[in-house]
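The structure appears below as structure tokens.
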Amino acid sequence: MGRYLLRRLLQAVPVLFGTTFLIYVVVWQLPGDPFAGRCGDRACPDAFVNAMNEQFRLDEPLLVQYGHYIANMLQGDLGLTYNMVPVTDLIAQAAPITLRLALVALAFEVVIGVVAGVLSGLRRNSFFDNLVFVSTLLALSIPTFVLGRFLQWLLGVQWGIITPSVSGEATWGELIVPGIVIATTTTAILARLARTTIAENLRADYVRTAIAKGMPPHRVIGVHLLRNSMIPIITLIGLDLGTLMVGAVVTEGIFNINGLGGLVYDHVMRLDSTVVVPVATLFVLIYILANLVVDLIYGLLDPRIRYE
């Protein structure tokens, strides 16, 4: 296990550097003047622009800029925004909010998606199975931003059940509806995957053998069927944690949530790449760690899997 973990961590190093370099190149090539509008209605003086270019190394070659960024990042220094605010402070304030939002969405996915998919797989061709099929098809057909705007209007404006905009504290209760919006598409995919996996494994030899031995149905389902069906489900759930945090960009913008998504959106509009690159790097790290944790869970679910 230790050798496997070390090898995976070493494999993650080139992935991290490669993806961050691509992100850096794309973000720093965004069109527009990052200093436009920072001096009011008039254009910024040349002395100010030159000083900013020198401070943020914008007048140096791209590879040199990237090298300085990586060197500073490895020391825990993410630098300053163009407004001279420490990037680390902004991320520290926004990350807990986005994490809470992602956990709410993940809980919704697991409770609704897995339960609906498992019951649908156990009751194939029943009314409940058809209901799940139609519901997931509808969920997959509605774009996230459309569903977000609709629920914001219906629940917030028309019915007054929620506040249309989330407060600065972003409590767990306020994040329920935004979390459902983010999780809707993946919940439908998870339910479809769970249904297919359960239905296939019901016809497996080990299930028929367990039933033939007279094992109680709850033990056949809970111990044998579910455990062997969870590997693809766990894969989707684990990797989706990173997807949820990235997908929060749109939803946080709709509900005015001051998380990482809103932070990225605001600074993209300001052409301030000093925040976009570190946050995107954080998303990459989350993906890598989630992928590693999922691989380690495989060994707990299936004893036949060995790490060497």
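Within segment 126-141, is there a residue that is in contact with a Gly (Cβ under 7 Å, 6 or more places away or on another chain), assigned to a loop (DSSP other than H, G, I, E, B), surrounded by 11 or more Cβ atoms within 10 Å (Cβ to Cβ) and without any contact (Cβ under 8 Å) to a residue 24 or more places away in the chain? There is no residue in segment 126-141 that is in contact with a Gly (Cβ under 7 Å, 6 or more places away or on another chain), assigned to a loop (DSSP other than H, G, I, E, B), surrounded by 11 or more Cβ atoms within 10 Å (Cβ to Cβ) and without any contact (Cβ under 8 Å) to a residue 24 or more places away in the chain.
The residues of segment 194-215 that are under 25 Å from Asn130 (Cβ atoms) and surrounded by fewer than 20 Cβ atoms within 10 Å (Cβ to Cβ), listed by number, are Thr196, Ala199, Glu200, Asn201, Leu202, Arg203, Ala204, Val207. The set of residues in segment 216-255 that are surrounded by fewer than 21 Cβ atoms within 10 Å (Cβ to Cβ) and over 25 Å from Tyr287 (Cα atoms) comprises Pro216, Pro217, His218, Arg219, Val220, Ile221, Gly222, Val223, His224, Leu226. Take Thr144 and tell me if it is hydroxyl-bearing (Ser, Thr, Tyr) and open to solvent by less than 70 Å² (accessible area, probe 1.4 Å). Yes. Could you go through segment 47-55 and let me know if any residue there is within 23 Å of Asp240 (Cα to Cα) and either at pLDDT 90 or above or open to solvent by less than 50 Å² (accessible area, probe 1.4 Å) (or both). Checked against the condition, which is being within 23 Å of Asp240 (Cα to Cα) and either at pLDDT 90 or above or open to solvent by less than 50 Å² (accessible area, probe 1.4 Å) (or both), segment 47-55 yields no hits at all.
Considering segment 198-216, and only residues there that are assigned to a helix (DSSP H, G or I), among the hydrophobic types (A, V, I, L, M, F, W, C) and touching a His at 6+ places or on another chain (Cβ under 9 Å), the residue that is farthest from Leu119 (Cα to Cα) turns out to be Ala210.
Annotation note: Cβ proximity below 8 Å between a residue of segment 93-108 that is within 11 Å of Glu252 (Cβ to Cβ) and a residue that is open to solvent by 50 Å² or more (accessible area, probe 1.4 Å) (sequence gap 6+ or interchain) occurs for Ala94/Asn258; Ile97/Asn258. Right, Val157: open to solvent by 80 Å² or more (accessible area, probe 1.4 Å) and either outside any helix (DSSP H, G or I) or modelled with pLDDT under 90 (or both) or not? So Val157 passes the test.
The values are calculated or read from the model by the stated rules, or taken from the named source; none is laboratory data. Just so we're clear, the structure is a prediction, and the values are computed from it rather than from any experiment. With ideal geometry, Cβ positions are generated from the backbone for all residues, glycine too; neighbour counts draw on all protein chains shown. Heavy atoms of the whole protein, side chains included, go into the accessibility calculation; ligands, DNA and RNA do not. Shrake-Rupley method; radii C 1.70, N 1.55, O 1.52, S 1.80 Å.
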